[in-house]
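Participant: What follows is a single structure, and I will ask about it in a moment.
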Amino acid sequence: MERVRDLAAKKPTVMFTNSSCCMCHSIKQLFYKLGASPTIHEIDKDPGGQEMERALRSLGCNPTVPAVFIAGCYIGSAKDVLSLHLNGYLKQMLM
């Protein structure tokens, strides 16, 4: 769990994703279109990915991917991020 928290706090915008997840891909593309350059951690390609997935689950990430952190705080999954975007808050959070 410490590794996930540490990775999430090191950069302004961090995503934990799965390389084969279509929602993960969509959320990454949304951030790129908004001009953000998130740090991406693909847990399916990380040797400690299963531990990271368990840590994300214990932090309340459900589903575990995509898990989006801004300024070290868990923002949510795809549904939460899309809701923030549609309400106009996501871009403000990224500034």
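The values are calculated or read from the model by the stated rules, or taken from the named source; none is laboratory data. Computed from a predicted model, the values in this text were never measured in an experiment. Using ideal geometry, Cβ is built from the backbone for each residue, glycine included, and neighbour counts are taken over all protein chains shown. Each accessible area value is taken on the protein alone, full model and side chains, heavy atoms only, with ligands, DNA and RNA left out. Shrake-Rupley method; radii C 1.70, N 1.55, O 1.52, S 1.80 Å.
Participant: Taking only protein heavy atoms and a 1.4 Å probe, what accessible area per residue, in Å², does the chain have with all protein chains in place?
Facilitator: 59
Participant: If amide H atoms are built 1.01 Å from N in the plane of the peptide, which residues on other chains or at least 5 residues away come under 5 Å of the amide H of CYS61?
Facilitator: Those lying under 5 Å, H to H, from CYS61: there are none.
Participant: Also, quick follow-up: Roughly how many percent of the accessible protein surface of segment 1-94 is carbon and sulfur, given a 1.4 Å probe and a whole-percent answer?
Facilitator: Looking at segment 1-94 in its full context, I get 50 percent from C and S.
Participant: Can you list, by residue number, the Cys in the chain that have no neighbouring cysteine C-beta under 4.7 Å?
Facilitator: Singleton cysteines: CYS22, CYS61, CYS73.
Participant: Please report how many Lys pairs in the chain have alpha carbons closer than 19 angstrom, counting only residues at least 8 apart along the chain or sitting on separate chains.
Facilitator: Lysine pairs, 8 or more places apart or on different chains, close enough: 10.
Participant: Add -39500 (n - 2.57) for each DSSP H run of 4 or more in the chain, then divide by its residues: what number comes out at 222 nm, to the nearest 500 deg cm²/dmol?
Facilitator: -14000 deg cm²/dmol
Participant: Could you bin all the Cα-Cα distances of the chain into 10 Å bins starting at 0 and give me the percent of pairs in each, rounded to whole numbers?
Facilitator: In whole percents, the pair-distance histogram is 18, 56, 25, 2.
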